Amino acid sequence: MTPPAIFDRHRRRLRRDRAAASFADHAFVREAMLGSLAERLTGVRRSFSEVLDLGCADAAFTLPASRIVRVDPGGAFARAADGMQVDEDRLPFADASFDLVVAAGTLDTVDDLPGALALVRRVLRPDGLFLGAFLGAGTLATLRAAFREAEGERPAARFHPLVDVRSAGDLLVRAGLALPVAERETLTVRYASIWQLFADLRGMAATSLLAEVAPLSRATLARVAAAWDARAGADGRVAETFEIVVLTGWAPSPDQPQPARRGSATASLAAALRSSSGAAS
């Protein structure tokens, strides 16, 4: 039986199309993600000839001497990048098409994230690299708290679920990616008003995409704004958090370092501990 959809796929496309025209004014989270991925690429001593930019948005990711195929779930972003409109859990590419897949900023709103990562693994060549970044579970902690305060004991579902860093690492393993690493970074922004935060969320296509949307009354919104303002610091600004989960994984290859086979150790850990204890005494 097919599970119910978490996200509205059509609304997701429309929200990205709406954001495309002024995305550069609100792209600071994606810029931070791309910076983190670029930092990890500097530590990789090999070249990549065929690259998939998955969720390309403004096509800001570049890599010299590489052919980059750009795809995005939003048609406007895809057209502007001379790419294709493609959903991450419906990749149309043949197996082993790329030696690098980069995904910055969209995987947190994919209905079938395990399936999307499995597809990434499939389109990678042996020893190909996957680098991903998306908003994680600690994102918008202040706004979530303001909504909980404003709506009392029966809060409506207004924020889609987000993956924490531990679960993200488990998903890499489940997808069959080798040498998995999941890390967390935090970006804090201080806002003069809740309306500036809302403008940023719309501008980066990060508003709620839940399939079932609860109506939001003006009275509730006013209470949310009041709860937000009550959290302002001495400068009149409120700190909001964007948690970024950064993923690294490799398509399996016989040439990669392999973990030691269980039971293959030649020395006993217990004996080593006894020896260490005797030396200390």
Worksheet, complete the sentence: Along the dipole axis of region 9-280 (charges at Cβ: +1 for Lys and Arg, -1 for Asp and Glu; origin at the Cα centre), the most positive-end residue among F147, I68, S97 is F147
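If we count every other residue with Cβ under 10 angstrom of A5's Cβ, Lys/Arg +1 and Asp/Glu -1, where does the sum land? Provide the component values of the computation, followed by the final result.
Working: positive: R9; negative: D8, D111, D112, E212.
With Lys, Arg at +1 and Asp, Glu at -1, the neighbours total -3.
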Practice prompt. Scan (1) 1.23; (2) 1.02; (3) 1.17 for the value of Cα Rg over 2.2 N^0.38 Å calculated from this model and give just the label.
Written response: (3)
Discussion item. Nearest 500 deg cm²/dmol is fine: what mean residue ellipticity at 222 nm does the chain get from its DSSP H runs of n ≥ 4 alone, each adding -39,500 (n - 2.57), divided by its residue count?
Written reply: -10500 deg cm²/dmol
Response to the item:
With the dipole of the chain defined by +1 on each Lys or Arg Cβ and -1 on each Asp or Glu Cβ, the option from M84, A214, V165 whose Cα lies farthest towards the positive pole is V165
Practice prompt. Report the full-extension gain for the segment R237 to D25: residue separation times 0.36 nm, less the Cα-Cα distance, to one decimal in nm.
Written response: 74.3 nm
Worksheet item: Within region 201-220, whose backbone N sits under 16 Å from a point 7 Å along Cα→Cβ of R154?
Response: 214-217, 220
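Can you tally the net charge around D58? Count Lys and Arg as +1, Asp and Glu as -1, for every other residue whose Cβ sits under 14 Å from the Cβ of D58. Don't skip to the end; give the middle numbers.
Numbers: positive: R16, R30, R70, R79; negative: D17, D25, E31, D53, D72, D82.
Charge balance near D58 sits at -2.
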Worksheet item: What spacing in nm lies between the two simple spin-label points modelled at A219 and D164, each 7 Å away from Cα in the Cβ direction?
Response: 3.6
Discussion item. So if each residue of separation counts as 0.36 nm, and I subtract the Cα-Cα distance between H10 and S66, what length gain in nm does that give?
Written reply: 17.0 nm
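Can you give me the relative contact order of region 9-280 as a percent, contacts being Cα pairs under 8 Å and 6 or more apart? Don't skip to the answer; put the middle values down first.
Values: 450 pairs, mean separation 59.6, N = 272.
Once normalised by length, the contact order is 22 percent.
Values in this text are rule-based calculations from the coordinates and carry no lab data. All of these numbers come straight from a predicted model, not from anything done at the bench. No Cβ is skipped: glycine too gets one built from the backbone with ideal geometry, and neighbour counts run over all protein chains shown.
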